[in-house]
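Derivation of every value follows stated rules applied to the coordinates shown; laboratory data play no part. Please read these numbers as outputs of a predicted model, since none were measured by experiment. Positions of Cβ are generated from backbone atoms using ideal geometry, with glycine treated the same way; all protein chains shown enter the neighbour counts.
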Amino acid sequence: MQVKLSKTFSFEAAHDLPTFPEGHKCRRLHGHSFRFDVVVEGEVAPDKGYLIDYGDIKKVAEPIVKQLDHYYLNEIEGLSNPTSENVARWIYDKLKPSLPLLASVIVYETCTSTCEYRGK
Ligand SMILES: [Zn+2]
């Protein structure tokens with residue numbers, strides 16, 4: 001049985017987007033209540049009946065949340081241009097080494113705007 005499951009995390013942070021056009025509202029310093037889903041995918045071992053303990057995802061993701069929560073994202077190494085796209089890739093790259101089943105990271109910049117990064 002092949003399954004995909006996810007766990008959601010959230011953090012508050014400020015950013016500005018320097019590559020947007022002059023005068024665009026996203027160039028101004030502003031904040032979001034960001035959310036992201038960590039999506040893992042794989043084959044369920046019949047004897048276990050589950051893919052992964054959600055707690056194991058939390059263990060790997062929480063240190064990353066700590067690095068982002070209540071920070072100015074532009075000042076974080078690797079996030080000088082913190083678009084949702086780049087934030088999704090940044091989170092993915094941090095998670096992947098300790099979470100081999102990771103399939104994608106979906107960043108919610110607002111309730112209606114998301115970006116999914118699948119590792120390439
Ligand atoms: Zn923004």
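If you filter region 10-53 down to residues that are in contact with a Leu (Cβ under 7 Å, 6 or more places away or on another chain) and among the small types (Gly, Ala, Ser), you find that the one that is farthest from residue 88 (Cα to Cα) is 42.
Among the conditions (1) more than 27 Å from residue 1 (Cα to Cα); (2) surrounded by fewer than 17 Cβ atoms within 10 Å (Cβ to Cβ); (3) in contact with a strand residue (DSSP E or B) (Cβ under 6 Å, 6 or more places away or on another chain), residue 25 misses just one, which is (3). Residues of region 54-70 that are within 16 Å of the ligand (Cβ to nearest atom), part of a helix (DSSP H, G or I) and more than 19 Å from residue 89 (Cα to Cα): none at all. The set of residues in region 20-46 that are more than 24 Å from residue 105 (Cα to Cα) and either more than 14 Å from the ligand (Cβ to nearest atom) or hydroxyl-bearing (Ser, Thr, Tyr) (or both) comprises 21, 22, 23, 46. Checked against the criteria, residue 51 does not count as of a type outside the set (Asp, Glu), within 14 Å of the ligand (Cβ to nearest atom), free of Cβ contacts under 8 Å to residues at least 60 places away in the same chain and at negative phi. Tally the residues that are more than 17 Å from residue 113 (Cα to Cα) and aliphatic (A, V, I, L, M), restricting the search to region 70-90. Qualifying residue count, region 70-90: 3. Could you please give the count of residues in region 43-97 that are within 28 Å of residue 28 (Cα to Cα) and touching a Lys or Arg at 6+ places or on another chain (Cβ under 6 Å)? Residues flagged as within 28 Å of residue 28 (Cα to Cα) and touching a Lys or Arg at 6+ places or on another chain (Cβ under 6 Å) within region 43-97 amount to 1. Note on region 71-83: among residues that are within 14 Å of the ligand (Cβ to nearest atom) and of a type in the set (S, T, N, Q), the one that is farthest from residue 4 (Cα to Cα) is 74.
Considering only region 1-37, state which residues are free of Cβ contacts under 8 Å to residues at least 12 places away in the same chain and either under 25 Å from residue 56 (Cβ atoms) or assigned to a loop (DSSP other than H, G, I, E, B) (or both). Correct list: 20, 21, 22, 23, 24. Looking across region 28-39, just one residue is out of contact with any strand residue (DSSP E or B) (no Cβ under 6 Å at 6 or more places or on another chain) and over 16 Å from residue 80 (Cα atoms), and that is 32. Screening residue 86 on (1) buried (at least 18 other Cβ atoms within 10 Å of the Cβ); (2) within 16 Å of the ligand (Cβ to nearest atom); (3) in contact (Cβ under 8 Å) with a residue 40 or more places away in the chain shows it passes everything except condition (3). Residues that are closer than 13 Å to residue 10 by Cα and within 13 Å of the chain's Cα centre (by Cα) do occur in region 93-106, at least one of them.
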